[in-house]
Amino acid sequence: MRKNTYIGIAAIVLIFGIIVIPKIYKRLANDDVSRGGRMHQEGGVPIEEAPDGLVYITQNGVDRKVPPFKFVNQDNDTISNTDYKGKVYLVEFFFTRCTDICIPMSHNLQAIAKKFEGRDDFGIASFSIDPEHDQPEVLKQYQQDYGVTNPNWHFMTGDRSVIRKLSNEGFYLATNEEGDETDLYHSGLFALVDQNGFIRSRLDPYGNPKPYYRGFVPMDKVVPEGGETSEVDILIEDINKLLK
């Protein structure tokens, strides 16, 4: 019995060595890994010594920046990435008919928005993945239902394929390509963007960049292992770092 166990373990190790390690090596060789901290420099100064203390998320050695976008918001106004220039802002993908993770996500965003009420240098960009249904009047009702008053929080709708591309290729926040309200899905994560349009984050306890922030669990439930600070509180801290 013990001999069979050893054989099983050896087989797992062999498979890991054949399949997994080459893939990891290939990603490292191509620099196709999110990086930050000691590996990034800003104006010749290592990022850990920069005033905000946060890192950039990079891919293939390039700092990831929000791609250009242009959509219509809840007020029928055209909003583009240039409207967020000079602002720290959060990005989410959602849809109004969602009865699952969108609910805690919206509540958490509203709690964050209230922390920065009255500040013109903070905003939120919410992109609907159900744009045919989520027309401006529907988004307006959604805004009112959640009591959103921040003028820089835009709920946006537009061409489905363009929104999917922005989500999947611009932010790497997965959404499915088609479906109605019964089978639509999207990431429950928030992206943090700085005043210059770069995606930013903090390092985790192991020194690895944390590309996104979990927004899909009620604020009082998202407590990291061994800590007492919720994920939303961590995000508020990091927004404050960028605003300073």
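The values are calculated or read from the model by the stated rules, or taken from the named source; none is laboratory data. It should be emphasised that the depicted structure is a prediction, and the values quoted were computed from it without experimental measurement. Here the Cβ positions follow ideal geometry from the backbone for every residue, glycine too, while neighbour counts run over all protein chains shown. Just so you know, the surface numbers come from the protein's heavy atoms only, side chains and all, with ligands and any DNA or RNA stripped out. Shrake-Rupley method; radii C 1.70, N 1.55, O 1.52, S 1.80 Å.
So here's what we get for this one:
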quantity: Linear extension gain, residue 144 paired with residue 132, 0.36 nm per residue minus alpha-carbon span; calculated: 2.3 nm
quantity: Of all DSSP beta bridges in the range 71-193, antiparallel share, percent nearest 5; calculated: 40
quantity: Carbon/sulfur fraction of accessible area - the range 87-204, other protein chains in place, 1.4 Å, %; calculated: 49
quantity: Gyration tensor (alpha-carbon) shape descriptor, the range 61-171, a/c threshold 1.5; calculated: rounded
quantity: Nonlocal Lys pairs with alpha-carbon distance under 25 Å, the range 59-142 (8 or more apart, or different chains); calculated: 13
quantity: Gain in span if fully extended, residue 236 to residue 121, counting 0.36 nm per residue against the direct Cα distance; calculated: 40.0 nm
quantity: Using a Förster distance of 22 Å, the FRET efficiency for residue 78-residue 168 (Cβ separation, nearest 0.05); calculated: 0.45
